[in-house]
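Let me begin by presenting the structure, written as C-alpha cells, before commenting on it.
The values are calculated or read from the model by the stated rules, or taken from the named source; none is laboratory data. No experiment lies behind these values; they were computed from the predicted model shown. Every residue, glycine among them, receives a Cβ derived from its backbone with ideal geometry; neighbour counts consider all protein chains shown.
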Amino acid sequence: MSAAAVSLMLHVMATAAQQATPAPGVDYARGCRYQPLDSPRRAGGGWDYIKVEGEEKCVPVLDFFCVEDLFDQMCTSMCQGIRDLRNKKPENVLSDRAVLLHRRMGRNPAAGCANMGCAQRLTYSTLYQQYFSMQCDEFPPASSMEGGGPTLTCISWYQNNLGGIYLRYFYDDVGLTQDQPYVIRMDTCDFPAKPVSYAQGSEPRPHPKKRQERTVKAADSPLWVRDPRSTDSEGYVLMPLEPAGPGTYNGTLSLSNLDSLEDVSIVDGAGGLVWNSTGAMSGQSSLQYEVLDDTQDLFVAARAATSVSVSAAFTATSVPQATGTSSSGAMRSGGGCAPGLLAAGVAVGIIMGV
C-alpha cells in the first residue's frame, strides 16, 4: 500500500471516529463517566460507562468502529445479530446498533458453526488486496449468557480474530465476572446484509472428527491489522490456527521482531484467553494450553505499537486422552508457559504492515 493510501485510510478512520455518535436509547446524564467516541479506548479505564434502564449500576460499553475492511464484516454480523435478537430477547436490545449482554465465565458455542462451511469460502480485502479464508462468527458471542447464536455469519478470519482480541482486553480491563452486564455498540450498521464470499471448493470438508491425537498448525500467515480505535499506527499481529478438538496441547511458537510485540497470547473468537506468555519470549518458546470444546477460531495475537513485519512458526500436538472426555459447554481455559513437546514449527511466511 502506498504512503498516500495509508494517509487516506488514517484520515477516513479518524473522520469515522469523530463523526460517530452514541446509539439512541441510552442515558448519559445520570452520573456515569462518559468519553466522546473520538477518544481512544485504552486499558486502565478508557471505556465508556452508561446507565441502562433496569440496571442498578453504570454499565461498561465495548464500542466497535465499523471501518471498512477492518470491521465491516464483523459489524455486519453484529448488526444482523441485534435484529435477530430483537425477536427473541427484545428487552436486551437498546437500539438498532446497541445491545445489553451479560458475561459468561465459560462458553456457550453455537453448534451450527460446525456446519456453516466458512473455512471453505474466501472473501476479498481491498485493504490488503488479497483473498482471505473465513471463520464462523456468532452473535451474541459465546462468552455471553445470551450466546450460542442465533446469528451465524461467515466473515474474514482477521476480522473475527480482531473482534476476539477486543473482547479479551475489554473483559480484562473492566473486570467483568459471571452475569455482570455490558453493552456492545457499533457506530453504524450501514453495511450489506451479508459479506461477499466465494466457494473455495465444490464441497465443504466434513467437520474434524475427534481423535486420540491431532496436530495443529497455523492456518494462514500472520497479519498486522490496524486498531480501528487508534488514529496512530497501533494495531495487532494476528495469526489464525487450524481447527482443534478438545484436549491438552503441547507445542512451540516462535515470532520474529519480538522487540516490537507485547502480550503474546492465544485467544478464541469470543475473547477467551487460552494461553498467555508469562515472561519475555526469545527464539522458540514451549507452551501448553487446553481446549475443552471443538473450535475453529483460535488464533495467536500480539499487540504492536506500529506497523511491523513478522515471521512466525507454530505447531502443537494434543496429548493422547482416554475416549469420552467431556467437552460440552466448557470454557477454553489457558495454560502458562510450560515444558512441552518440542515439535518442529512450520514457517508460515512474512507479512508487511500496511
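Which pairs do you get when a residue that is in contact (Cβ under 8 Å) with a residue 24 or more places away in the chain, found in region 149-168, comes within reach of a residue that is basic (Lys, Arg), reach meaning Cβ atoms under 8 angstrom, with the pair 6+ apart or on two chains? Pairs found: Pro150/Lys88; Thr153/Lys194; Cys154/Arg121.
If you check Gly112 against the conditions, is it assigned to a loop (DSSP other than H, G, I, E, B) and among the small types (Gly, Ala, Ser)? For Gly112, the condition - assigned to a loop (DSSP other than H, G, I, E, B) and among the small types (Gly, Ala, Ser) - is not met.
Being in contact with a helix residue (DSSP H, G or I) (Cβ under 6 Å, 6 or more places away or on another chain) and polar (S, T, N, Q) is the filter; apply it to region 118-177 and report the residue that is farthest from Leu223 (Cα to Cα). This residue is Thr151. For region 207-222, the set of residues classified as in a loop (DSSP other than H, G, I, E, B) and at pLDDT 90 or above consists of Ala219, Asp220, Ser221, Pro222, listed by residue number. Restricted to strands (runs of 3 or more DSSP E) entirely inside region 52-105, those with at least 3 residues that are under 24 Å from Arg229 (Cβ atoms), outside the structural domain of Thr231 (by TED's automatic domain parsing) and not aliphatic (A, V, I, L, M) are 59-64. Glu146 falls short on exactly one of the conditions (1) farther than 18 Å from Gly164 by Cα; (2) in contact with a Lys or Arg (Cβ under 9 Å, 6 or more places away or on another chain); (3) not in a strand (DSSP E or B), and that condition is (1). Screening Ala142 against (1) touching a strand residue (DSSP E or B) at 6+ places or on another chain (Cβ under 8 Å); (2) touching a residue at least 24 places away in the same chain (Cβ under 8 Å) leaves a single unmet condition, (1).
Scanning region 219-232 for residues that are within 16 Å of the chain's Cα centre (by Cα) and under 12 Å from Val300 (Cα atoms) yields a count of 5. The residues of region 58-74 that are over 18 Å from Tyr169 (Cα atoms) and at pLDDT 90 or above, listed by number, are Cys58, Asp72, Gln73.
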